[in-house]
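The values are calculated or read from the model by the stated rules, or taken from the named source; none is laboratory data. Quick caveat: nothing in here was measured; it's all calculated off a predicted structure. Here the Cβ is made from the backbone with ideal geometry for all residues, glycine too, and neighbour counts use every protein chain on show. Keep in mind that these areas ignore ligands, DNA and RNA; they rest on the heavy atoms of the full protein, side chains included. Shrake-Rupley method; radii C 1.70, N 1.55, O 1.52, S 1.80 Å.
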Amino acid sequence: MTKRTLSQWIFGDVSFPQSEEYDEFRYKFLIALVLAGAVLTAIFVIGEYGKINRIQTPHLLSMQLFTLASFGLWLVLRGRRHWFRPVGWAYEIACLMEYTSAQWLVPNDELRLLWFFTNIPGVFILLGQRAGWVITGLSVFWLILSNSLMLSPYSGNAMATACFGMIYMGVFFHVYGSRSMSYFVRMRDYNLQLEQMASHDMLTGVLNARAYYAACEQHIQIASRTGQPYSVIFVDLDHFKSVNDTHGHSAGDAVLRAVAQCMRHSIRQSDALGRIGGEEFSIFMPNTERAGALQLAESLRLAVQSLEPWIGERNLSITASIGVAACEGQPETMQAIQQRADQAMYEAKKLGRNRVSWLERGQALPTGLAG
Ligand code: GH3
Ligand code: MG
Ligand code: MG
């Protein structure tokens, strides 16, 4: 069995995104604990049947029940990460019952009280600080109460040591739990920030060229399997150099931000928008035929035209030339469809700018829409 299939067998078919690494750790830790609990008690039970160790009959019954409950909880949790909390609490209750059984029914084991200690770290790590304190408080209360009822109780000194020791464990794991949690949250936020910076254009906030093409490749792979059409819209601002030359580079930047914002609001959630050059944007539209892409391209052109961004002293008039290419039959590579959209855009420039044109597959010259 390979490492991957062994892990799949133990933990089930679950996947956690990188940002949920801590939840993955806790999920796997709980499964490991439940399995370890089941296997350990099973070994004791087998030892009893093999006459290797002697356990009083009532406690033997409790151990058998605990083994079955633990295996059952493993089967429930395996592959179902949303069952984490109910299973965590159910296992905790099973453990407390098992420890109480050992405390009451195995009086010839003077260290049986230790099981209540071993329980505390797991509760803090798996169920959080509040649950940790509830269980620690209940354990202290229960130790004192049951000691006063037991036939062979611990001494007052032993009880005081046990109770203070448990509270000490609680404080220790409370601090440890909150520190490791805040460290994890910070690391997760840094990672998300890094991911965002690596895939998005700093100026406009849309996808950068690398991330945009990667998203398109994924869309094309899905479309090739499902046979759905897809389209690409290529937008190039008109005479943008003169905006920089006349009003300065920061005015040009403000215009780029405004245009990107406008496009972001015009596309669907499933579309990908990328800044693939200085003042060049591309939109990939999955499940979209040429007619739909042309409609969006025309509404984008009008939106950019009416944008008239304010650049500190006055409103600027901005227009865009737009090329459209659609793939409605045999799948086409991203490079090929983007090239057609490029060509169509250049044709729109040649025809006088501020217009939309498209290029069919195999067609030599693009077709223009009046601007
Ligand atoms: P055309 O209508 O033919 O597209 O003319 P154009 O001036 O828009 O075309 P060209 O490609 O010659 O110029 C693009 C300009 O975009 C050149 C550069 O100064 C500007 N540019 C590129 N990246 C940025 C940027 O990040 N910020 C600003 N402000 N300007 C940029
Ligand atoms: Mg350009
Ligand atoms: Mg341009």
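Data overview
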read-out: Where Trp9, Trp104, Trp310, Trp358 fall by accessible area, highest first, once all protein chains stay in place (1.4 Å); value: Trp310, Trp9, Trp104, Trp358
read-out: Solvent-accessible heavy-atom area per residue, rounded to whole Å², over segment 209-370 at 1.4 Å; value: 48 Å²
read-out: Inter-site label distance for Ser250 and Lys349 at 7 Å from Cα along Cβ, in nm; value: 2.9 nm
read-out: Nearest-0.05 FRET efficiency for Leu302 and Leu194, computed from C-beta distance (R0 56 Å); value: 0.90
read-out: List Arg188, Arg80, Arg179, ordered by accessible area with a 1.4 Å probe, largest first; value: Arg179, Arg80, Arg188
read-out: Phe164 accessible area, 1.4 Å probe, all protein chains in place, Å² to nearest 10; value: 150 Å²
read-out: Ranked order, Ile135, Ile52 - accessible area, probe 1.4 Å, largest first; value: Ile52, Ile135
read-out: The chain - percent of accessible surface contributed by carbon and sulfur, probe 1.4 Å; value: 61 percent
read-out: Gyration tensor (alpha-carbon) shape descriptor, segment 3-196, a/c threshold 1.5; value: oblate
read-out: Kirkwood-Stokes translational diffusion coefficient of segment 33-145, alpha-carbon pairs, 20 °C, 1.002 mPa s, µm²/s; value: 145 µm²/s
read-out: Accessible area of Val14 in the full protein assembly, 1.4 Å probe (Å², nearest 10); value: 40 Å²
read-out: Per-residue SASA entry for Met169, accessible area with 1.4 Å probe, Å² rounded to 10; value: 40 Å²
read-out: Inter-part distance where segment 316-336 and segment 84-162 are each reduced to a Cα centre, Å; value: 67 Å
read-out: 1.4 Å probe accessible area per residue over segment 1-69, in Å²; value: 64 Å²
read-out: Net length gained if the chain between Ser19 and Arg361 were fully extended (0.36 nm per residue, minus Cα distance); value: 118.9 nm
read-out: Distribution of pairwise C-alpha distances over the chain, 10 Å bins, in %; value: 5, 17, 18, 13, 11, 11, 11, 8, 5, 1, 0
